[in-house]
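> Got a structure for you, questions after.
The values are calculated or read from the model by the stated rules, or taken from the named source; none is laboratory data. Just so it is clear, the structure is predicted and the values come from calculations on it, not from any experiment. Cβ coordinates were reconstructed from backbone atoms using ideal geometry, including for glycine residues, and neighbour counts include every protein chain displayed. The protein model used for the area step is the full one, side chains on, heavy atoms only, and it has no ligands, DNA or RNA in it. Shrake-Rupley method; radii C 1.70, N 1.55, O 1.52, S 1.80 Å.
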Amino acid sequence: YVGDPDGRGNAALATLAENAIDATRAAGIEVREQAAEREEFAVAMTLYVRSGADTGAIGTAARAAILGYFDNLKPGVDAYFSRAEAAAIAVSADMRGAVVTSPTGETRSPASAYAALRVPTTSLSLAFVEV
C-alpha cells in the first residue's frame, strides 16, 4: 500500500511506486500496488495530572504525542488505545494516568486492509482531572 504520511494515496502515487518496483524487482516476483486511504475517527481522552500541574503545557505535549502515535499507523494496522494512553503519560512526570473514554473498547480496526487510521487534530478531545 502506498500513501503519504497522512494515509492518503492516489493513482498517480501508486503508478510511481509500481514503476519503481518494476525497475528493481526480480523477474517472476509478483508485486501489487494499491493506494492507501485515510480513515478518520474521533478520540476523547481523560488525562490525570498532579494537582497544580501546568495543564496547558501538558495538554500541548500530550496532544502531539497522541496524534503522533495515530499518524504513524500503517494501512491495515489496528490502533491500540493503550499505546495512545502510554504516549500521553510519557510526556510529563506530572502525568498520573490517561484513559481513552471514546471510542470504547481496546482497539480500533480499519475498515479495510488499505485504510490508515488517523485522528484529526480537531477530533481529539482532552479532559483533565487533578489528583
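> Among the residues of the stretch 37-51, is any open to solvent by 70 Å² or more (accessible area, probe 1.4 Å), closer than 27 Å to G3 by Cα and either hydrophobic (A, V, I, L, M, F, W, C) or in contact with a strand residue (DSSP E or B) (Cβ under 9 Å, 6 or more places away or on another chain) (or both)?
Scanning the stretch 37-51 turns up at least one residue that is open to solvent by 70 Å² or more (accessible area, probe 1.4 Å), closer than 27 Å to G3 by Cα and either hydrophobic (A, V, I, L, M, F, W, C) or in contact with a strand residue (DSSP E or B) (Cβ under 9 Å, 6 or more places away or on another chain) (or both).
> G28: over 15 Å from the mean Cα position of the chain (by Cα), within 20 Å of V99 (Cα to Cα) and exposed (fewer than 13 other Cβ atoms within 10 Å of the Cβ), yes or no?
Here the answer is no, as G28 does not meet what is asked.
> Find all pairs meeting these conditions: Cβ atoms under 8 angstrom apart; at least six residues apart or on different chains; first residue within the stretch 17-30 and touching a residue at least 12 places away in the same chain (Cβ under 8 Å); second residue of a type outside the set (V, I, T) and part of a loop (DSSP other than H, G, I, E, B).
A17/E33; E18/E33; I21/E33
> Go through the stretch 98-127 and give me each residue that's exposed (fewer than 15 other Cβ atoms within 10 Å of the Cβ) and outside any loop (DSSP other than H, G, I, E, B).
Scanning the stretch 98-127 gives T101, S102, T107, T121, T122, S123, S125, A127.
> Is it the case that the stretch 87-103 has a residue that's basic (K, R) and under 27 Å from A14 (Cβ atoms)?
The answer is no; no qualifying residue exists.
> Further question on the same structure: Among the residues of the stretch 79-95, write down those that are closer than 25 Å to S112 by Cα and assigned to a strand (DSSP E or B). First the steps, then the outcome.
The initial filter retains those residues of the stretch 79-95 that are closer than 25 Å to S112 by Cα, namely 79-85.
Within the stretch 79-95, A79, Y80 qualify.
> When you scan the stretch 21-78, how many residues do you find that are assigned to a loop (DSSP other than H, G, I, E, B), under 28 Å from D94 (Cα atoms) and of a type in the set (D, E, K, R)?
Final tally of qualifying residues: 2.
> Answer yes if at least one residue in the stretch 1-12 is in contact with a strand residue (DSSP E or B) (Cβ under 9 Å, 6 or more places away or on another chain), in a helix (DSSP H, G or I) and closer than 20 Å to V129 by Cα, and no otherwise.
No, the stretch 1-12 contains no residue that is in contact with a strand residue (DSSP E or B) (Cβ under 9 Å, 6 or more places away or on another chain), in a helix (DSSP H, G or I) and closer than 20 Å to V129 by Cα.
> Let me ask something else. List pairs: first residue in the stretch 63-78 and open to solvent by 60 Å² or more (accessible area, probe 1.4 Å), second residue basic (K, R) anywhere in the structure, Cβ distance under 7 angstrom, at least six positions apart or on different chains.
What qualifies is D71/R118.
> Which of (1) buried (at least 18 other Cβ atoms within 10 Å of the Cβ); (2) without any contact (Cβ under 8 Å) to a residue 24 or more places away in the chain; (3) over 29 Å from V2 (Cβ atoms) is the odd one out, the single condition G56 does not satisfy?
In the conditions (1) buried (at least 18 other Cβ atoms within 10 Å of the Cβ); (2) without any contact (Cβ under 8 Å) to a residue 24 or more places away in the chain; (3) over 29 Å from V2 (Cβ atoms), G56 misses (1) alone.
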